[in-house]
Structure formats: structure tokens, C-alpha cells
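Enquirer: I am attaching a structure below and will ask some questions about it afterwards.
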Number of protein chains: 4
Amino acid sequence: MAGTKFSYVKKFELPDPLLPNTFILVRIDGHAFHRLSEAHEFMKPNDERALQLMDHAAQDVMNEFKDIVLAFGESDEYSFLFKKATAVYNRRHAKILTTLTSLFTSSYVFNWQKYIPDVALKYPPTFDGRVVLYPTSKEMRDYFSWRQADTHINNLYNTVFWALVQQGGQSTTQAHATLRGTQSKHKHDILFSHFGINYNSLPERYRKGSVLVREEVVEDARHTDTTPTGNDIQQSTENLEAKSEKKLRTTIKVYHCDIIQNNFWEEHPNILQG
Amino acid sequence: MAGTKFSYVKKFELPDPLLPNTFILVRIDGHAFHRLSEAHEFMKPNDERALQLMDHAAQDVMNEFKDIVLAFGESDEYSFLFKKATAVYNRRHAKILTTLTSLFTSSYVFNWQKYIPDVALKYPPTFDGRVVLYPTSKEMRDYFSWRQADTHINNLYNTVFWALVQQGGQSTTQAHATLRGTQSKHKHDILFSHFGINYNSLPERYRKGSVLVREEVVEDARHTDTTPTGNDIQQSTENLEAKSEKKLRTTIKVYHCDIIQNNFWEEHPNILQG
Amino acid sequence: MAGTKFSYVKKFELPDPLLPNTFILVRIDGHAFHRLSEAHEFMKPNDERALQLMDHAAQDVMNEFKDIVLAFGESDEYSFLFKKATAVYNRRHAKILTTLTSLFTSSYVFNWQKYIPDVALKYPPTFDGRVVLYPTSKEMRDYFSWRQADTHINNLYNTVFWALVQQGGQSTTQAHATLRGTQSKHKHDILFSHFGINYNSLPERYRKGSVLVREEVVEDARHTDTTPTGNDIQQSTENLEAKSEKKLRTTIKVYHCDIIQNNFWEEHPNILQG
Amino acid sequence: MAGTKFSYVKKFELPDPLLPNTFILVRIDGHAFHRLSEAHEFMKPNDERALQLMDHAAQDVMNEFKDIVLAFGESDEYSFLFKKATAVYNRRHAKILTTLTSLFTSSYVFNWQKYIPDVALKYPPTFDGRVVLYPTSKEMRDYFSWRQADTHINNLYNTVFWALVQQGGQSTTQAHATLRGTQSKHKHDILFSHFGINYNSLPERYRKGSVLVREEVVEDARHTDTTPTGNDIQQSTENLEAKSEKKLRTTIKVYHCDIIQNNFWEEHPNILQG
């Protein structure tokens, strides 16, 4: 057969299993999103529509990959945590990484118009992805603390920066110069004294990022969940997993809460157990 | 600083360079495309619009990754060959693989409406991807021969199968039973004697797949290139790379030609050189 | 310079760091030791001299690699556990694995005559080695339980097998047939009823294997340590690490104790901490 | 069964196949051989006995691994080349690397007394090892050119250095200072004008290193091979592979010849074919 004599080339596809019983973390990053945000006139310092679109794509990923127990998003990046024992795709590295990255990308493009209806997408946006393994819950928690600390640092800087530019009339060059070497406290002061902005009263979404977890809710409580708080987008996707008899179903909840302190983890003990 | 004490988790991101001076092959595969083709009523055995959409996405990938010297597509899969010496992203495995897979996916969704305007996309389609390394041009050529032989085998089967179903009135179960154990010659016979179809006169796109290469064309010849043969889609994307003075530019050409025999390779010697 | 134009080949040496903060386990296995034991007339079912030689080589390894916190040996294999945080050789996979395997081999040959003085080594014995990573102390403990359970299973089988051959006059083929399908209890019965051997009274070394740990001892207690119990071989190598003033020094102790139950681990809490 | 509940830990042993049909190069390096050569009073700048011992260990490795087609040694390092198509140990990385490194080490210790009979080995010498893959014969040849160029550079430096110390009465610090920044030509001049040494008349072993290849010899020519030239050590090991009828056998030859130019490769075409 024609195909037979060539099929030896399949042997060059090498196995790539990830270490068992280790936390699999996949982080997606927007590729050249500075350009994308310019080309589509994203609002500065934060564009809530674009962030909601990211959250939607992340939720689609969690609906597809049932073993993801936590996701965290900020700006143009999203991190997904698989439970330690997951056997998804037999823990094959490339298979997990590419399918997840592809689905995130696909959902982002597919849902663009829903969130940003008045700006047509001009070209295909892309993301890159990577897998990182964490052996214990300690490193895993520190990873999420690292990302949320980063969210805070970046958002504080960007908030002051764009206030200086948009309201203070500085050029972007001047604004960077103004902020060079400033401590966190100093940035708070500039915001408050010059622009009357109390940083801590800004939306939590911007200051804390998005935290996606699975929670079980009682069936009857369904209508309560779908109030237009914007914190629960399960109505748009198929995340209803009927639990027989108990009238429970699992839903994906979106929070903008602290995940550095212990509270969040104590309320979601299943994540630490992996 | 808050971020500092957590940033040690970055050390868990391990280097993943691919072996230098080795052909990098990335293959993208549609994920659950059987379902996708059902849900969007793709024509059987081949849907030319869907294949053209694949070709478009592949061309977007080649426009982004200048070191891709050859791509081959069939059905819901596409293979991309980087030249041996490529230093793209410092040959980082995950970076190359995910960016390419993401761009292909993004372009597929982004351009869906252009090729399949009368069927709205119902959900985000996804692809997975993998990297395979080939040490020499021998294995690399055999890889492409393997894929094109596979194209032939699948297309012949599918062509007879759907003729039996669509024109012969067989159920899909009956059609599979009819074909069980048949040789290639027998399938040709069924096609010709029962349905008057000469397999070799079917469109080359279906029998050979799509072959994308870069070619230099003389600037003046531009209008010739863009005749509506459907074989050259460079007009839809930015693949014009002006070569100073010589009035040459590089364009991506789409062929549906044999790549198992020597002809193609002799006409494109740069690919073998890697 | 002559060397310069060739030195690009160094780029093909790829980095191979092991995942940080994960238990590194290196297991050494004798290569073709069945042949070696035949050629040098090892005693059956156990040759204490050969086992002591293994222990000596393992101790040399622990003296060289200060971050090894536990070693376990049985028959012709030895397992070494590095503490989780070890930075030895920057956690480079091949460097750690080959240096350790080489040292073990070298010590085995170097010290052969000391333990088996009346049989000259006929050819160079070899070992292979592998690295396994364990994310938490649970899997790490289960690894050692697995090896010690294996020690028990193999030793019970071998003890009955060789009793049947050496004292029972069976051929090796007959002895294997006698034992086929027997449970543990049945083997104990054969040993006791046919050969008057109470398995549980056999030397612990054979039933439990060798367990090497570091312990701090008070300087004055030195002479006590070196009583001829055979359980402490530190006198033959340089494992004395004087602790200034406190008059403590670290020594490597060899036990033949249970490591499946909790006792051992409670007495050596530092091993679990990694 | 006791062992059963723990045996899941075996799943953490991950596959590690090397890319097929690629040259496998294993390089062994002496670990802390500066100290070893001091402790055993190796002659400077070269100790022929120690080099012959290295050659012997390398030959033992080649006798064990029939797919090694070339080896090159200098100082305390040795490189081994497997043919591209080798399926030894199913191309498992750690298995090949550790078995080879262990055998080399074992042979070195085992044969020490044969080559350096008047100096007892004081402690176990060790080697580390690494695998490097080369996709084509070009990189593979350049690798060996790199090592032989290195041999030349090091040996020229060491020869002048030790002449300055041993015959010129300089301290080692002075000798390094004398040589700092000197070109190759200058070093030749110092050797000749101060010490009457024509570098190019020094033994080829020191200037070129050792080159081990397999060659077929006619059975009758056996006695010719074993003349005491020191270039053929096959008499000490079992490298006789009788070729039926043709009365040919394969032997391992040790040369100290140039492997940078084409001659050597034209005379051993099988090595390039891999």
C-alpha cells in the first residue's frame, strides 16, 4: 500500500506525558495585544467589555475541561488549574495545551461581537500558552498570589498613568516620567489628590482580576443566580450538570475577590485537595 | 513588594528548546470535526468552501511565520514545515506550537463567514496541534508523502461511500459493508460502473489536498496571479514582500499537485535545503 | 581559530533541569547481575558479602551527595532520595544521574576485594540508573513501601526456592513448579514444615533490605557507634562532619528496619520535610 | 497483595525515547580529574598510561554496544557515536546513557592496575555523561572536529606550560602569565627556541587524541594486527566477531590520526552513513 512505506514517520511523534498527580497549570497570554487594543480602540486603563469577553472564553474552556477547578484572568492573560489527579487526554502535554489554547482563542473570536458589538474585529487575534507543573498546593497557591499581586501592581500603575494622560493632559512620555520610581503609596496619593480618585473604590474586577470556580447550587436557586449582576454568566453556556435527586447542579461562578488570603481557599477546599 | 515573595514560582517554567537545525513540523487537526461538519451541514464527501477556509487559515499562518516553507492540507488537518535553521521564538516548543495553533484557529473562525456565508457558525471550532521533528529531508519528504497518500486513500473511500449513499440509496451501514475489504481498483470500478464517475477526473483539490509554497513573482505579473482560478488567494491577505529593485515579490501559491514524486521538489529546491 | 567554527555544535546540548521542589529519586539497578552472581559464585538465596558491598557503595554516594536524605537497597538495586529543595548541579538531570551512577559503580569495583576477598572480579560489573520525580511525600513514601514490599516478596520466594534446591534436592525447574501459584502463607509453611526454617527469624537484612539515613551523634558516643554490629560502616569512609562546638557529627547509619509503617518516618521527620 | 497498592508509583517513570534516526552522541567526562591526577601523580603534560587506560575502557564500551561506530578520546573525556538507526534499548535516553557511563567507569577501575601497576588507586574515580543528538552527518563531523581541535589547543598549551615549569624553572603562576595572550605560533616558538622541542614531532596520541573504529580484517592477518605497536588492543578483550565463511572478523582499531580533514571519513564511509 502506498501509505505503508511512509508511515514509519509516525515514529518520530514522541510521547509527552506530564508528571502524574501534579497540578497542571496552563497560562494563556494575548499575543501582541497592545496592537490589538489600539486597533480596536479599547478603553484605557481597562475595557470592561474586553475583560468580560476574556471571562466568557475562560468559561467555555472550563465547560469543556471538567477537571479545571480554578481559573484566574487579568488583562490579556488567563490561568487554568487542573486538579492534580486529572487524566484528561492521558495528561499528554501538547494535546492538553493546544486544545485549550485553541478553544480559548476560538471562543474569543466567536463571541467578540456579543461583547464589543460596535467595533468589528479587524484581524484574527491570537494567544500563546504554556504548561507549568506545581508539585504541591503551596506552590500552586503562590502562583495565583503572584498573578493577583501582578494584577494589582499593573492596574495601579495603569490607572494613575491614564489619569495623568486623559485628565492631567500629560503626554504618555511625561506620564511615564512622572511615575518613574514612585512607590505604591505615592501613586495612591497622586490619584486622590490630583484626580479625586480613591483607588480602593474602583471596581474589584480591575483591582483583583477574575476568579472562576465551580460551585454547586440548589436547583431552585437558579433564578437567583441569573440576576444581572454580571458575576455569573452561566446562562450563556451549557454548564448545567444535573445532579440526580439531590437537585444540585454545578455552575461556574465568576468572582473578583482576593485569592491571596486564606478566606477564598477555605471556602473552596476542593481546589487545594486537587 | 507583594509580588516578590511569590515570584519564585516562575522557576517552575522549564526551558523547552527544540533540537537545532532539524525540520520542525507542526500538524494541526480539527477537534471533533465530524460533529462540526454535521452541525453545519458540510457537503459530502468534500465541502469545497470548508477546504478553502482551511487554506485561508493556513495562508494566514504562513504570512505570520516567515520561516514556514511548505504547508499541506487535507480534510480538517494542516501540516506546516519550518526551515531547518529557523530561530523563530528561539525554537521554544510551546511558544511556536501554541501561537501557530491559536492563529490557525482564530483565522478559521474570523473568516468563516467569508467562505460559508449562508451557515452561521454555531459554536467555537477547535484544533489541536503537535510538533514533530525530522532530522533530514528524507524523513521530511516521506512525511508529506504519507499525508498525501492518506489524502488519496481517504478521499477514494469517501467518494465511493457517499456515492453509494447519496446516489445508490444505501444506508451508511450498508455502504460501509459494501466497501469492507475492497481494494483500490475495486473502488474505482464501483465508481465508474455504477455511478459513471471517473475518479481521476475529480477535482485535484480533493484527490491531492492543498500544497502551499512561497514563490517569487515579477511585480508586473501580479494581475496574472489573481485570475479567478481559485488557486491563488494572496489577494486577501498581506503577503506582499517587496524585493527592492528586482521588482520581485514573494507570494504564497496554493497548488493541488503531487508531492510524492520528485517533480515538485525539483521545482522548489529551497524546501529540501531547509 | 580552528575550534571556533565548529563550536556551534555545543548548541545541540539542550538544558534538562528537573522540576524544582520535587523529590528526586534515583534508582540504580545491576545490569545482568544474574550472570555476575553466577560467574562469581554468590551464595544463594542471599550473599551477605555482596549486599554489604552494595551498602558500602551506597554510603560512598551519600558521602558525596550531601542532599541525599535516604537510601534503600535490596538485591542488586539501590534507591536514593534527594531532599525536595536540593540545588545539586542546578538539578540538571543527566549530570546528577550519571555522576551518581558512575560513583556507585566505581565504588562497587573499588571495594570488591574488601568484601569478597577470595573471588577475583572477572570483568567490569555495570549498573543502569533512572530518575523518577515524586511531587509529594505521600508518593515518595509509597515508593519506598513498594520497594520494601518487593524485597519481602522476592526474598520469601528465593528463600523457599533455594531451600527446595539446596536441601530438598529439587532441580531448579522442579522448585519453580513447586512454588507456582503458591500464596505467601503456603511458602511459610513449606519453609517451616520441610526445612525447619522460621522465615521471620531470618536476618532482617534479607527480609527488609538496607535503609541508610543520616543521623547526628554526640562526638563522645563515637566508639559506641563502631561496635562490630555491622550496622554502621562509617569507619571506612569519610563521613565525619564535625559540628563546631556542639560536639555533634553527622554519620550515615545502616538499618534493616521496616519503612512501610509510620515509626521510621516519625523518628526521621526531616526526610518527609524534604 | 502488599506490593499492589504501592505499585502505582511506577507510573511516575516517564518514557524518554530519543528522536529516531538521529546520531546519538554520548560524551563521558572525568569528574574532578585534576584532583585524581594529582593524587596519583600522573605525568605532565600527558600520562600515556592513563590515556591507554581510557582507550581500554572505551574499547570495552564499544565491545558491549555494537552500534557504536566511532569513539574519540582525549585527556579525561571520551565521545561515542551510535549509528543513526540504532535501536539499542529502544533508544531510551537514561538507559543508554547510564549503562554506557557505568561500563566506562567500571572498566576504568577494573583495569587501572593493568596500566598503572605501581600506583594503587586511592579512591573511586567517577565520570559524568551526557547525550547529544545530531540530525545530520555534517553536525556530527563538526562535533568530532570540535573535539580534536580542542585536543590540539589544550595539548599545545599544556606542553609549553609544563616545559616552562619542569625545564624552565618557572612557577605555575609564572608559566600561566608567560602564556597569557600568546598565539599558537608563539607557543611553537617558545617550545622550539627555549626547549628544543618540535611540537609536530611529539607523539600523535597527544596531539590528535585517540580514534576508535571497527574494521574488518581477514582472519589470517590476525597476527599482523597484534604487533606491539600499541595501536591495537583487541587482544585484551572479546571483540572477535567471526563472519561466517568469508573468514573476516571485526576488530576495534585505535588510531591517533586526523579526523578533521576528509581522508579519515572517506576511508570509513560507513560512519557517515550512520
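Enquirer: Anything in the stretch D:8-22 that is assigned to a helix (DSSP H, G or I) and in contact with a helix residue (DSSP H, G or I) (Cβ under 6 Å, 6 or more places away or on another chain)? List them, or say none. Steps first, answer last, please.
Expert: Residues of the stretch D:8-22 assigned to a helix (DSSP H, G or I): D:8-12.
The answer is D:Val9, and nothing else.
Enquirer: Suppose the filter is among the charged types (D, E, K, R) and in contact with a Pro (Cβ under 6 Å, 6 or more places away or on another chain); does C:Lys84 pass it?
Expert: Against the criterion (among the charged types (D, E, K, R) and in contact with a Pro (Cβ under 6 Å, 6 or more places away or on another chain)), C:Lys84 does not qualify.
Enquirer: Now for a separate question. List the pairs whose first member sits in the stretch B:254-265 and is part of a helix (DSSP H, G or I), whose second member is open to solvent by 30 Å² or more (accessible area, probe 1.4 Å), and whose Cβ atoms are under 9 Å apart, counting only residues at least 6 apart or on separate chains?
Expert: As it stands, the answer is B:Asn263/B:Cys257; B:Phe264/B:Tyr255; B:Phe264/B:Cys257; B:Phe264/B:Asp258; B:Trp265/B:Ser137; B:Trp265/B:Arg141; B:Trp265/B:Leu272, since those pairs meet every condition given.
Enquirer: Which number in (1) surrounded by fewer than 20 Cβ atoms within 10 Å (Cβ to Cβ); (2) in a helix (DSSP H, G or I); (3) touching a residue at least 12 places away in the same chain (Cβ under 8 Å) marks the one condition that C:Glu41 misses?
Expert: Just one mismatch for C:Glu41, condition (2).
Yes/no per residue for (1) over 30 Å from D:Lys66 (Cβ atoms); (2) outside any helix (DSSP H, G or I):
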position	(1), (2)
D:Ser145	no, no
D:Asp150	no, no
D:Asn158	yes, no
D:Thr178	yes, no
D:Thr182	yes, yes
D:Asp189	yes, no
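Enquirer: While we're on this one: Listed residues A:Ser37, A:Ser7; which is under 21 Å from A:Tyr157 (Cα atoms) and of a type in the set (Gly, Ala, Ser)?
Expert: The match here is A:Ser37.
Enquirer: Anything in the stretch D:113-135 that is more than 9 Å from chain C (Cβ to nearest Cβ) and either touching a residue at least 12 places away in the same chain (Cβ under 8 Å) or crowded, with 20+ Cβ neighbours inside 10 Å (or both)? List them, or say none. Steps first, please.
Expert: Quick first cut of the stretch D:113-135, residues more than 9 Å from chain C (Cβ to nearest Cβ) only: D:113-120, D:122.
Correct list: D:Lys114, D:Tyr115, D:Ile116, D:Val119, D:Lys122.
Enquirer: Count, please, the residues in the stretch A:18-38 that happen to be touching a Pro at 6+ places or on another chain (Cβ under 9 Å) and open to solvent by less than 40 Å² (accessible area, probe 1.4 Å). Outline the logic, then answer.
Expert: Start the filter on the stretch A:18-38 by keeping residues that are touching a Pro at 6+ places or on another chain (Cβ under 9 Å), which leaves A:19-23, A:30-33, A:36.
Filter once more, so that each one left must be open to solvent by less than 40 Å² (accessible area, probe 1.4 Å): A:19-20, A:22-23, A:30, A:33, A:36.
Counting residues in the stretch A:18-38 that are touching a Pro at 6+ places or on another chain (Cβ under 9 Å) and open to solvent by less than 40 Å² (accessible area, probe 1.4 Å) gives 7.
Enquirer: Let me ask something else about it. Could you please let me know if C:Phe65 is within 14 Å of chain A (Cβ to nearest Cβ) and crowded, with 19+ Cβ neighbours inside 10 Å?
Expert: no
Enquirer: Taking B:Asp60 as the residue in question, decide whether it is open to solvent by 30 Å² or more (accessible area, probe 1.4 Å) and closer than 21 Å to B:Leu97 by Cβ.
Expert: Answer is no for this residue.
Enquirer: While we're looking at this one, here's another question. Answer with yes or no whether A:Ile96 is in contact (Cβ under 8 Å) with a residue 24 or more places away in the chain and buried (at least 23 other Cβ atoms within 10 Å of the Cβ).
Expert: Yes; evaluated as a whole, the condition is true for this residue.
Enquirer: Scanning for something closer than 30 Å to A:Val213 by Cβ, out of contact with any Asp or Glu (no Cβ under 6 Å at 6 or more places or on another chain), away from chain B (no Cβ under 14 Å) and assigned to a loop (DSSP other than H, G, I, E, B), does the stretch A:23-38 turn up at least one residue?
Expert: no
Enquirer: Oh, and also: From the list D:Gln183, D:Gln174, D:Gln167, pick out the single residue that is open to solvent by 40 Å² or more (accessible area, probe 1.4 Å), over 15 Å from the mean Cα position of the chain (by Cα), farther than 24 Å from D:Asp47 by Cβ and among the polar types (S, T, N, Q).
Expert: Only one candidate passes the filter, namely D:Gln183.
Enquirer: With the structure loaded, tell me whether A:Lys5 is surrounded by fewer than 17 Cβ atoms within 10 Å (Cβ to Cβ) and out of contact with any helix residue (DSSP H, G or I) (no Cβ under 7 Å at 6 or more places or on another chain) or whether it fails that test.
Expert: Judged against the criteria, A:Lys5 is a match.
Enquirer: Oh, and also: I'd like to know if the stretch D:111-125 contains one or more residues that are closer than 26 Å to C:Leu14 by Cα and either out of contact with any Asp or Glu (no Cβ under 6 Å at 6 or more places or on another chain) or of a type in the set (Val, Ile, Thr) (or both).
Expert: Scanning the stretch D:111-125 turns up no residue that is closer than 26 Å to C:Leu14 by Cα and either out of contact with any Asp or Glu (no Cβ under 6 Å at 6 or more places or on another chain) or of a type in the set (Val, Ile, Thr) (or both).
Enquirer: State all residues of the stretch A:63-105 that are in contact with an Asp or Glu (Cβ under 8 Å, 6 or more places away or on another chain) and of a type in the set (S, T, N, Q); if no residue qualifies, say none.
Expert: Listed by number, the residues that qualify are A:Asn63, A:Thr86, A:Thr98, A:Thr99, A:Thr101, A:Ser102.
Enquirer: Give the residues of the stretch D:82-93 that are surrounded by fewer than 23 Cβ atoms within 10 Å (Cβ to Cβ) and in a strand (DSSP E or B), sorted by residue number.
Expert: D:Arg92
Enquirer: Okay, next question. Just to check your reading of the model, which residue among D:Met54, D:Met62 is within 17 Å of the chain's Cα centre (by Cα) and either of a type outside the set (A, V, I, L, M, F, W, C) or within 30 Å of D:Val165 (Cα to Cα) (or both)?
Expert: After applying the criteria, what remains is D:Met54.
Enquirer: Looking at the stretch A:168-217, which of its residues are over 23 Å from A:Arg147 (Cβ atoms) and β-branched (Val, Ile, Thr)?
Expert: Selection gives A:Thr172, A:Thr173, A:Thr178, A:Ile190, A:Ile197, A:Val217.
Enquirer: Continuing with this model, one more query. Can you name the residue in the stretch D:136-160 that is over 18 Å from the mean Cα position of the chain (by Cα) and more than 7 Å from every other protein chain (Cβ to nearest Cβ) and, of all such residues, is surrounded by the fewest Cβ atoms within 10 Å (Cβ to Cβ)?
Expert: Here the answer is D:Lys138.
Enquirer: Take B:Lys66 and tell me if it is closer than 23 Å to A:Val26 by Cα, without any contact (Cβ under 8 Å) to a residue 40 or more places away in the chain and among the charged types (D, E, K, R). Spell out how you get there, then give the answer.
Expert: Values: closer than 23 Å to A:Val26 by Cα: no; without any contact (Cβ under 8 Å) to a residue 40 or more places away in the chain: yes; among the charged types (D, E, K, R): yes.
No; evaluated as a whole, the condition is false for this residue.
Enquirer: Quick check: anything in the stretch D:115-138 over 27 Å from B:Pro17 (Cβ atoms), in a helix (DSSP H, G or I) and touching a helix residue (DSSP H, G or I) at 6+ places or on another chain (Cβ under 6 Å)?
Expert: yes
Enquirer: Sticking with this structure for a sec: So D:Lys11 passes all but one of these: (1) open to solvent by 10 Å² or more (accessible area, probe 1.4 Å); (2) within 11 Å of chain C (Cβ to nearest Cβ); (3) touching a residue at least 60 places away in the same chain (Cβ under 8 Å). Which condition number does it fail?
Expert: So D:Lys11 meets the others, but not (3).
Enquirer: For the stretch D:95-112, which residues satisfy the criterion of being farther than 16 Å from C:Asp29 by Cα and within 7 Å of chain C (Cβ to nearest Cβ)?
Expert: D:Ser107, D:Val109, D:Phe110
The values are calculated or read from the model by the stated rules, or taken from the named source; none is laboratory data. Everything numeric in this text was worked out from a predicted model, so none of it was measured. When we count neighbours, we look across all protein chains shown, and the Cβ atoms used for this are built from the backbone with ideal geometry, even at glycine. Accessible surface areas use protein heavy atoms only, side chains included; no ligands, DNA or RNA. Shrake-Rupley method; radii C 1.70, N 1.55, O 1.52, S 1.80 Å.
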